[in-house]
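**Q** Below is one structure. I have some questions about it.
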Amino acid sequence: MKTSIITLLLCLSMSTITLAQDSEYKLVEQTVSYYLDGGTNNDFDTLKKAFHKNATMKYIRNGEYKEVNALEFFKKAVKPGPKQDRKTRIAYINITGNVANAKLEIDYEKFSFIDYMNLIKIDGEWKVVSKIFFRKGK
(Lines give C-alpha, C1' and ligand atoms only; values in the text may rest on other atoms or scores of the structure.)
Protein backbone atom coordinates (compact mmCIF):
# COMPACT_ATOMS: atom_id res chain seq x y z
CA MET A 1 0.00 0.00 0.00
CA LYS A 2 2.79 2.45 0.93
CA THR A 3 4.58 1.65 -2.31
CA SER A 4 1.42 2.40 -4.32
CA ILE A 5 0.92 5.74 -2.58
CA ILE A 6 4.56 6.74 -3.05
CA THR A 7 4.41 5.73 -6.71
CA LEU A 8 1.21 7.74 -7.19
CA LEU A 9 2.73 10.81 -5.50
CA LEU A 10 5.85 10.56 -7.66
CA CYS A 11 3.76 10.30 -10.81
CA LEU A 12 1.67 13.31 -9.80
CA SER A 13 4.72 15.42 -9.02
CA MET A 14 6.37 14.46 -12.31
CA SER A 15 3.24 15.37 -14.28
CA THR A 16 3.04 18.72 -12.46
CA ILE A 17 6.68 19.45 -13.35
CA THR A 18 6.04 18.43 -16.96
CA LEU A 19 2.97 20.68 -17.20
CA ALA A 20 4.93 23.62 -15.76
CA GLN A 21 7.76 23.03 -18.25
CA ASP A 22 5.27 22.78 -21.14
CA SER A 23 3.68 26.04 -20.03
CA GLU A 24 7.05 27.84 -19.84
CA TYR A 25 8.05 26.38 -23.22
CA LYS A 26 4.91 27.84 -24.80
CA LEU A 27 5.59 31.23 -23.23
CA VAL A 28 9.16 31.30 -24.56
CA GLU A 29 7.90 30.08 -27.94
CA GLN A 30 5.39 32.96 -28.00
CA THR A 31 8.11 35.48 -27.20
CA VAL A 32 10.43 34.39 -30.01
CA SER A 33 7.40 34.15 -32.32
CA TYR A 34 6.78 37.88 -31.75
CA TYR A 35 10.26 38.46 -33.16
CA LEU A 36 9.80 36.09 -36.11
CA ASP A 37 6.27 37.24 -36.98
CA GLY A 38 7.12 40.91 -36.57
CA GLY A 39 10.10 40.54 -38.89
CA THR A 40 8.17 38.55 -41.48
CA ASN A 41 5.29 41.03 -41.50
CA ASN A 42 7.43 44.20 -41.22
CA ASP A 43 5.63 44.99 -37.96
CA PHE A 44 7.96 46.65 -35.45
CA ASP A 45 5.25 46.83 -32.75
CA THR A 46 4.91 43.03 -32.77
CA LEU A 47 8.67 42.46 -32.98
CA LYS A 48 9.43 44.73 -30.02
CA LYS A 49 7.20 42.63 -27.71
CA ALA A 50 9.98 40.02 -27.76
CA PHE A 51 12.77 42.26 -26.48
CA HIS A 52 13.76 43.86 -23.20
CA LYS A 53 14.38 47.58 -23.71
CA ASN A 54 18.12 47.09 -23.06
CA ALA A 55 18.52 43.97 -25.20
CA THR A 56 21.72 43.78 -27.20
CA MET A 57 22.50 42.35 -30.60
CA LYS A 58 26.04 41.24 -31.31
CA TYR A 59 27.45 40.16 -34.65
CA ILE A 60 30.40 40.25 -37.03
CA ARG A 61 30.18 42.45 -40.14
CA ASN A 62 33.09 42.63 -42.59
CA GLY A 63 35.29 40.89 -40.04
CA GLU A 64 34.53 43.47 -37.35
CA TYR A 65 32.67 42.88 -34.06
CA LYS A 66 29.52 44.98 -33.65
CA GLU A 67 27.28 45.45 -30.60
CA VAL A 68 24.06 47.48 -30.73
CA ASN A 69 20.81 47.94 -28.85
CA ALA A 70 18.47 45.47 -30.55
CA LEU A 71 15.35 47.65 -30.45
CA GLU A 72 17.17 50.70 -31.82
CA PHE A 73 18.54 48.55 -34.65
CA PHE A 74 15.15 47.05 -35.54
CA LYS A 75 13.34 50.38 -35.26
CA LYS A 76 15.52 51.61 -38.14
CA ALA A 77 15.50 48.33 -40.09
CA VAL A 78 11.83 47.26 -39.91
CA LYS A 79 9.63 49.48 -42.03
CA PRO A 80 5.98 48.91 -42.98
CA GLY A 81 5.65 47.12 -46.28
CA PRO A 82 4.74 43.84 -47.91
CA LYS A 83 5.31 40.58 -46.07
CA GLN A 84 8.88 39.22 -46.30
CA ASP A 85 9.37 36.20 -48.55
CA ARG A 86 11.03 33.95 -45.99
CA LYS A 87 10.51 30.81 -43.94
CA THR A 88 11.13 30.74 -40.21
CA ARG A 89 11.66 27.89 -37.80
CA ILE A 90 12.35 27.51 -34.11
CA ALA A 91 15.08 24.86 -34.09
CA TYR A 92 15.10 24.47 -30.31
CA ILE A 93 14.28 26.07 -26.99
CA ASN A 94 16.15 25.29 -23.77
CA ILE A 95 14.82 26.45 -20.40
CA THR A 96 16.49 26.30 -17.00
CA GLY A 97 14.61 28.08 -14.23
CA ASN A 98 14.12 31.71 -15.23
CA VAL A 99 16.55 31.70 -18.18
CA ALA A 100 16.24 30.23 -21.65
CA ASN A 101 17.86 30.19 -25.04
CA ALA A 102 16.48 29.53 -28.49
CA LYS A 103 17.96 28.83 -31.90
CA LEU A 104 15.98 30.31 -34.79
CA GLU A 105 16.42 29.75 -38.52
CA ILE A 106 15.26 32.33 -41.05
CA ASP A 107 15.54 31.24 -44.67
CA TYR A 108 15.45 33.60 -47.64
CA GLU A 109 15.96 32.55 -51.24
CA LYS A 110 19.70 33.33 -51.37
CA PHE A 111 20.78 33.29 -47.71
CA SER A 112 19.75 32.34 -44.18
CA PHE A 113 20.12 33.78 -40.73
CA ILE A 114 20.84 31.61 -37.72
CA ASP A 115 19.81 33.50 -34.59
CA TYR A 116 20.63 32.55 -31.01
CA MET A 117 18.39 34.31 -28.51
CA ASN A 118 18.99 34.50 -24.76
CA LEU A 119 15.90 35.16 -22.66
CA ILE A 120 15.18 35.93 -19.01
CA LYS A 121 11.81 35.79 -17.28
CA ILE A 122 11.36 39.31 -15.90
CA ASP A 123 8.28 40.22 -13.84
CA GLY A 124 6.52 37.10 -15.14
CA GLU A 125 7.33 37.75 -18.83
CA TRP A 126 9.97 36.14 -21.02
CA LYS A 127 12.10 38.76 -22.79
CA VAL A 128 15.02 38.46 -25.18
CA VAL A 129 17.99 40.15 -23.52
CA SER A 130 20.61 39.30 -26.14
CA LYS A 131 20.82 38.06 -29.69
CA ILE A 132 23.75 36.84 -31.76
CA PHE A 133 23.42 35.75 -35.34
CA PHE A 134 25.21 34.42 -38.39
CA ARG A 135 24.31 35.11 -42.02
CA LYS A 136 24.90 32.06 -44.18
CA GLY A 137 24.93 32.16 -47.98
CA LYS A 138 23.32 29.40 -50.00
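The values are calculated or read from the model by the stated rules, or taken from the named source; none is laboratory data. Everything quoted here is computed from the prediction, not taken from an experiment. Heads up, the Cβs are rebuilt from the backbone with ideal geometry, glycines too, and the neighbour counts pull from every protein chain shown. SASA here: full protein model, heavy atoms, side chains in, ligands and nucleic acids out. Shrake-Rupley method; radii C 1.70, N 1.55, O 1.52, S 1.80 Å.
**Q** Report, by residue number, each residue of segment 41-60 that is open to solvent by 60 Å² or more (accessible area, probe 1.4 Å), closer than 15 Å to residue 115 by Cβ and more than 16 Å from the chain's Cα centre (by Cα). Quick ask: steps written out before the conclusion?
**A** Start the filter on segment 41-60 by keeping residues that are open to solvent by 60 Å² or more (accessible area, probe 1.4 Å), which leaves 41, 45, 48-49, 53-54, 58, 60.
Narrowing the set further to residues that are closer than 15 Å to residue 115 by Cβ leaves 58, 60.
Scanning segment 41-60 gives a single hit, 60.
**Q** May I pose another question? Out of (1) more than 20 Å from residue 46 (Cα to Cα); (2) without any contact (Cβ under 8 Å) to a residue 40 or more places away in the chain; (3) touching a Phe, Trp or Tyr at 6+ places or on another chain (Cβ under 7 Å), the odd one out for residue 98 is which?
**A** Against the list (1) more than 20 Å from residue 46 (Cα to Cα); (2) without any contact (Cβ under 8 Å) to a residue 40 or more places away in the chain; (3) touching a Phe, Trp or Tyr at 6+ places or on another chain (Cβ under 7 Å), residue 98 comes up short only on (3).
**Q** Which pairs turn up if I take residues in segment 109-132 that are over 24 Å from residue 86 (Cα atoms) and modelled with pLDDT of 95 or more and look for partners that are open to solvent by 50 Å² or more (accessible area, probe 1.4 Å) and outside any strand (DSSP E or B) with beta carbon separation below 6 Å, at least 6 apart in sequence or on another chain?
**A** From segment 109-132, the pairs are 121/98; 126/27.
**Q** Among the residues of segment 61-78, are any part of a strand (DSSP E or B), modelled with pLDDT under 95, farther than 19 Å from residue 126 by Cβ and open to solvent by 80 Å² or more (accessible area, probe 1.4 Å)? Show your work before the answer.
**A** Quick first cut of segment 61-78, residues part of a strand (DSSP E or B) only: 61, 64-69.
In the following step, the residues that additionally are modelled with pLDDT under 95 were identified as 61.
With the extra rule that they be farther than 19 Å from residue 126 by Cβ, the set shrinks to 61.
In the following step, the residues that additionally are open to solvent by 80 Å² or more (accessible area, probe 1.4 Å) were identified as 61.
Yes.
**Q** Quick check, is residue 91 within 16 Å of residue 130 (Cβ to Cβ) and modelled with pLDDT of 95 or more? Write out each step before concluding.
**A** Values: within 16 Å of residue 130 (Cβ to Cβ): no; modelled with pLDDT of 95 or more: yes.
Criteria not met by residue 91.
**Q** Against the condition open to solvent by less than 60 Å² (accessible area, probe 1.4 Å), outside any helix (DSSP H, G or I) and more than 17 Å from residue 37 (Cβ to Cβ), how does residue 118 come out, does it pass? Give the derivation first.
**A** Values: open to solvent by less than 60 Å² (accessible area, probe 1.4 Å): no; outside any helix (DSSP H, G or I): yes; more than 17 Å from residue 37 (Cβ to Cβ): yes.
No, not satisfied.
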